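Data block below; observations after.
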Amino acid sequence: MQADNVRAQLQRTMEKFDIELVSLSDERKLYINIRQALVCGFFMQIAHKEGEKGNYLTVKDNQVVALHPSCGLDNQPDWVIFNEFVLTTRPYIRTVSDVKADWLLEYAPNYFDLSTLQDGETKRALQRVVNKRAGKNTQRSDGNGAESRDKKKRRKE
């Protein structure tokens, strides 16, 4: 089985460089760690959901694509990593896994640097994540002082 060969090769490499071999018994954490590792290597093959029609926009090329019917996901996550770009009657991405936007900022900070990203939906989506991480609520600000009113309400409570 090819997966066993890959695992054995990785184990030999880790032993050669005296890297501790760690296994997880918690399957949920295992799959999260695998997806995080994929982000580290395939960070240029990310797409994010655009609108409600189920379309995605690739970060690298700004291509509008759809999830291929055989992709295996039963939902439409906000962010996905993909292995294949397939052009049939329309552009599709296949072999996908859902990822978290936080991971993009954490594991590929130079590639997803907001100061160098082209203006567009990808940059706005990542900016919302950065704002959320910083505790800012940009959606509440409507230019009419709603944000400051909300802060005052919170102080009173």
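The values are calculated or read from the model by the stated rules, or taken from the named source; none is laboratory data. In this text the structure is predicted, and so the values were computed from the model without any measurement. Because the Cβ atoms are built from the backbone with ideal geometry, glycine has one as well, and the counts that use them run over all protein chains shown. All accessible areas refer to the heavy atoms of the entire protein, side chains included, with ligands and DNA or RNA removed. Shrake-Rupley method; radii C 1.70, N 1.55, O 1.52, S 1.80 Å.
Residue by residue through region 68-79, note down the ones that are in contact with a Lys or Arg (Cβ under 8 Å, 6 or more places away or on another chain) and surrounded by 12 or more Cβ atoms within 10 Å (Cβ to Cβ).
Step one: filter region 68-79 for residues in contact with a Lys or Arg (Cβ under 8 Å, 6 or more places away or on another chain), giving 68, 70-71, 76-79.
Those that are in contact with a Lys or Arg (Cβ under 8 Å, 6 or more places away or on another chain) and surrounded by 12 or more Cβ atoms within 10 Å (Cβ to Cβ): 68, 71, 76, 77, 78, 79.
I need the full set of residues from region 1-25 which are open to solvent by 100 Å² or more (accessible area, probe 1.4 Å) and of a type in the set (Gly, Ala, Ser), in order please.
Across region 1-25, the qualifying residue is only 25.
Within region 107-120, identify whether any single residue is surrounded by 14 or more Cβ atoms within 10 Å (Cβ to Cβ) and part of a helix (DSSP H, G or I), and answer yes or no.
Yes; the residues of region 107-120 include at least one that is surrounded by 14 or more Cβ atoms within 10 Å (Cβ to Cβ) and part of a helix (DSSP H, G or I).
Take the conditions more than 13 Å from residue 49 (Cβ to Cβ), of a type in the set (Val, Ile, Thr), out of contact with any helix residue (DSSP H, G or I) (no Cβ under 9 Å at 6 or more places or on another chain) and part of a loop (DSSP other than H, G, I, E, B) and apply them to residue 95. Does it pass? Walk me through how you get there before you give the answer.
On the way: more than 13 Å from residue 49 (Cβ to Cβ): yes; of a type in the set (Val, Ile, Thr): yes; out of contact with any helix residue (DSSP H, G or I) (no Cβ under 9 Å at 6 or more places or on another chain): yes; part of a loop (DSSP other than H, G, I, E, B): no.
So residue 95 fails the test.
Return the total of residues in region 50-66 being open to solvent by 20 Å² or more (accessible area, probe 1.4 Å) and either modelled with pLDDT of 95 or more or of a type in the set (Val, Ile, Thr) (or both). Step through it out loud before you land on a result.
Just the residues of region 50-66 that are open to solvent by 20 Å² or more (accessible area, probe 1.4 Å), to begin with: 50-53, 55, 60-64.
Subset that is either modelled with pLDDT of 95 or more or of a type in the set (Val, Ile, Thr) (or both): 64.
Number satisfying all stated conditions: 1.
Identify, by number, the condition in (1) surrounded by 10 or more Cβ atoms within 10 Å (Cβ to Cβ); (2) closer than 30 Å to residue 101 by Cβ; (3) without any contact (Cβ under 8 Å) to a residue 40 or more places away in the chain that residue 28 doesn't meet.
Just one mismatch for residue 28, condition (1).
Testing residue 147 on (1) touching a helix residue (DSSP H, G or I) at 6+ places or on another chain (Cβ under 9 Å); (2) open to solvent by 60 Å² or more (accessible area, probe 1.4 Å); (3) modelled with pLDDT of 90 or more, one condition comes back false. Which one is that?
(3)
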